Amino acid sequence: MVERIGHHLRSNALGLVAIFIVLGGTAYAVNGPLRGHNTVGSADIINRHVKGHDIHKGAVHSSDVRNNDLTGRDISEASLNLTAGARAYGVVDPNNCAPIPGTCNVEEPAEGITRVFRAQTGVYCVRATGIDPENNPAAVSVDQFNSVPDPGDAVAMTNTGDNCGGHTDFFVVTQRHPEVTVNQGGSQNNATVSGPAEESNTVGFTIVIP
């Protein structure tokens, strides 16, 4: 009888020791140093429990962040090169062009415009080396300072459907709507209106390529 009781106690004692070792080991893994490297997975971390001070400074790199997952407040504007602006821009004064067909000087301010060629009256091919006009639209506007103050509305526009015969130049057209007189009654031309647009060499323009 005594022997049976002793055997029972020894069996229970060994079981308790095993339970203690298992529980003690688990507690050690949770509260103390972990065994080896890369032993903590996403499932081991409680959501929203990793704080900034838990991450070593400089440990998170661009490759660690999924594309387009950072929002505006996550990014320091000072780290962005916002002052760079457009990739290319320039001003063209039609009075500073060689006789047609010929090249034109690019007026300041300018950046990235490497060639301006006037192919015919009011038709220009503007080159920004390294920028494909078929994939990068440009914005063009009339530059009043470099335009001749002729009567009639001035127009400057680009055409993405025409690339000056290649994939290197932006196609720009400058036009004017000349003033014409029409008969508004009384059997005589007694009113001035804008006529049909005509290509013109009197319109300066600014081109900007974002």
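Any read-out appearing in this document is the output of simple, stated calculations on the displayed coordinates, not a laboratory observation. All of these numbers come straight from a predicted model, not from anything done at the bench. All Cβ positions, glycine included, derive from the backbone under ideal geometry; neighbour counts span all protein chains shown.
Charged neighbours of residue 168, selected by a Cβ distance under 11 Å, balance to -1 (K, R count +1; D, E count -1).
Descending by average beta-carbon neighbour count within 10 Å, the peptides 196-209, 171-184 line up as 196-209, 171-184, the highest first. Model label points for residue 108 and residue 136, set 7 angstrom from Cα along the Cα-to-Cβ axis, are 2.4 nm apart. Sequence-ordered 3J(HN,Hα) estimates for segment 95-108 from the Karplus curve with 6.51, -1.76 and 1.60 and θ = phi - 60° stand at 6, 10, 10, 5, x, 5, x, x, 7, 10, 6, 9, 7, 6 Hz, glycine and proline given as x.
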